[in-house]
1. What nm distance separates the two modelled labels at Val61 and Ala292, each placed 7 Å from Cα along Cα→Cβ?
2. So how do 228-235, 259-266, 276-283, 303-310 stack up, highest first, on mean other-Cβ count within 10 Å?
3. To the nearest Å, what is the center-to-center distance of the range 6-55 and the range 63-118, using C-alpha atoms only?
4. What FRET efficiency comes out for the pair Gln243/Glu95, r = Cβ-Cβ distance, R0 = 56 Å, nearest 0.05?
5. Could you give the length gained by full extension between Glu183 and Phe40, i.e. 0.36 nm per residue of separation minus their alpha carbon distance, to one decimal place?
6. So for Lys330, Lys54, fewest C-beta neighbours within 10 Å to most, what's the order?
7. Compare Ala35, Ala318, Ala201 in a GNM of the chain, Cα atoms joined below 10 Å, and give the one with the largest fluctuation.
8. Which ordering of His223, His70 is given by a fewest-first count of other beta-carbon atoms within 10 Å?
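Taken together, the values in this text are just the output of simple stated rules run on the coordinates, not laboratory data. Quick caveat, the model's predicted, so the values are computed rather than measured. Using ideal geometry, Cβ is built from the backbone for each residue, glycine included, and neighbour counts are taken over all protein chains shown.
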Amino acid sequence: MTATHPAFVHDFPFDPAYGLTLDDLLRVPAPEAPADFADFWRERYEEALRVAPKPEVGRVVEERDGVRVHEVTYASLGGVRLGGWLVLPVEGPVEHGFVIGHGYGGRDAAGPDVPLPLPRAAAILPCVRGMGERGLLPGVPSVSAEHVLHGIASRDSYVIGECVADLWCAATALLELVPELAESGPRLGYLGESFGGGLGALALPWDDRFAAGQLTVPTFGNHPLRLTLDCIGSGASVRRHHQDHPEVIDVLRYFDAATAATHLHKPILVAPALFDPSVPPPGQFAIHNAVASGGELHVLDAGHFEWPGLERAVSELAAAKGEFFERELK
């Protein structure tokens, strides 16, 4: 897809386009992976599959766009219990299922994730641990700048790995609540933006229950490069921490969404931005460029930024998501 290089007026003390053109961005690689990267993630996935989520559906909080939105809770790795929303059609059978991740800061309602990309679909919208009112847990920071550093001293304790497990357990909960999704083998779709996009890239390679995924302005791509780029998002907190604790790069290598994308052999639609003050575009494009299946690209002029074309861009991306999942979740 062609796109122009945006030149937005802004007051950031750095260039959120980092002086790069689309051609430059399409050449950003994934970093070298640890030798046991795949083994680490497969073991984490198997551990999450052993969790009995015991989902409980609560009250209906909203009905619109042909669906009912329920409160839902489920158990995840480590015995924690998380909340979120379950979206079910008002009428007719369920033909498609989605797990929908959220950005840093969590979510307080189903909000813009409804309507879903396809009709006759069900979805679970989990709040991963620490994020949003329904994901709050004792001892887990709820502020993104602190959350992204929680447990970062070890790959086994880093909260990002636990958040990925929260998505896997959410998928298990959805399949228990809507058993018809598993009748002929689950073919779930995943959607995630920013934080949820990075988590999705880390989660999807190992979970065959997902047939396709869509990642918008995804984070956690190419950590060695991200650590050299100024930004205002959670990456700034990691960058500052790395300056005092350079050894943390050995942990971050296991949580690199671009590295994970090299194991993504299923259809993936990535929507990275050319200009983004929160998630540097080179990291976003590194994820797309690394997708093993080749991936599909939908370039956005900007991310995490208000600009005159935002409303139109949101509409065009929604249409692209619908076309993508209609094709890939047959």
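1. 3.7
2. 276-283, 259-266, 228-235, 303-310
3. First find each Cα centre; the distance between them is then 24 Å.
4. That pair, Gln243 with Glu95, gives E of 0.65.
5. 48.5 nm
6. Lys330, Lys54
7. Its mean-square fluctuation being the largest, the pick is Ala35.
8. Ordered by Cβ neighbours within 10 Å, fewest first: His70, His223.
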